[in-house]
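Undergrad: Dumping the structure here so I can ask a few things about it.
The values are calculated or read from the model by the stated rules, or taken from the named source; none is laboratory data. This one's a predicted model, so the numbers in the text were calculated from it and none came from an experiment. Cβ: placed from backbone, ideal geometry, glycine included. Neighbour counts: every protein chain shown.
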Ligand code: G1P
């Protein structure tokens, strides 16, 4: 039997403000912005569920109550849909329900950084490995990104971060790997740096918002050391695990969209709607119309 425990829990840091989408996010959490027909947080939740995750931990904050409401049961709505024979819609809202023994909430009361947000979940995670999904990062893939990672983790154990290549001028937006040996989709991680300047970046391989980590990361997070941007960085705590536990980058198959930016969000909506059985063909026609227009 493997010495590594299976991944059963996932943490979703959702306390962020979403200033890049103001005024849309003045009242509504940015994670509720819809990607075609479901909010970003639901895409992340479904990805985790498809990867076999059993417990969903939201690290929320002020003005984020709508997120837990979204995943609650809505008996009146369900009765209305049933009585009107709208069974497809009923199915759709059922897919956004999380039962009481599966959804756990904690709060990050101050915006001290991603590392701090993850630390806020330490009691709920306990002494077992866990996944992290950043709902801003959406990955369109035949096999959901986290499922690919869990399959790989079940072979190798240790810690895994999903990675992609970025243009060198963008390294200051990501956690960047100092890379070792490559073996298929796995890349040995020798070091990790948060948001280095292009000239200082050890590579152009960057971390995207999917992680599988061992609980020992909390020991490092609990020191509350600040790093890049004066924030408590997850990357810095992860870097301290290197050497004492296996640590790999995982080159996932799929296309990642940065839904924390307006352009990335719009592109994601185009990509996902083109895949939609009902509206995909019409969207293609619309794109052709605008692609050929000059204004
Ligand atoms: C966070 C992480 C960074 C990672 C990125 C992926 O940065 O700190 O290491 O590469 O997510 O999206 P943020 O985008 O929150 O600034």
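Undergrad: Considering segment 209-234 alone, what residues qualify as being near the ligand (Cβ under 10 Å from one of its atoms) and surrounded by fewer than 21 Cβ atoms within 10 Å (Cβ to Cβ)?
TA: Passing the criteria: 227, 228, 229, 231.
Undergrad: Residue by residue through segment 80-101, note down the ones that are closer than 18 Å to residue 9 by Cα and surrounded by 13 or more Cβ atoms within 10 Å (Cβ to Cβ).
TA: Within segment 80-101, 96, 97, 98 qualify.
Undergrad: Assuming residue 104 fulfils every condition listed in (1) out of contact with any helix residue (DSSP H, G or I) (no Cβ under 9 Å at 6 or more places or on another chain); (2) within 30 Å of residue 222 (Cβ to Cβ); (3) surrounded by fewer than 19 Cβ atoms within 10 Å (Cβ to Cβ) apart from one, which condition is it?
TA: (1)
Undergrad: So if I check each of 143, 80, which one is part of a helix (DSSP H, G or I) and over 24 Å from residue 33 (Cβ atoms)?
TA: 80
Undergrad: Please work out which one of (1) more than 16 Å from the ligand (Cβ to nearest atom); (2) within 20 Å of residue 57 (Cα to Cα); (3) at pLDDT below 95 is the condition residue 88 fails and give its number.
TA: (2)
Undergrad: Which of the numbered conditions does residue 263 fail, given that it passes all the others? Conditions: (1) in contact with a helix residue (DSSP H, G or I) (Cβ under 9 Å, 6 or more places away or on another chain); (2) within 15 Å of the ligand (Cβ to nearest atom); (3) part of a helix (DSSP H, G or I).
TA: All conditions pass for residue 263, except number (1).
Undergrad: So, one more: Among the residues of segment 43-63, are any assigned to a helix (DSSP H, G or I) and modelled with pLDDT under 95?
TA: Within segment 43-63, none of the residues are assigned to a helix (DSSP H, G or I) and modelled with pLDDT under 95.
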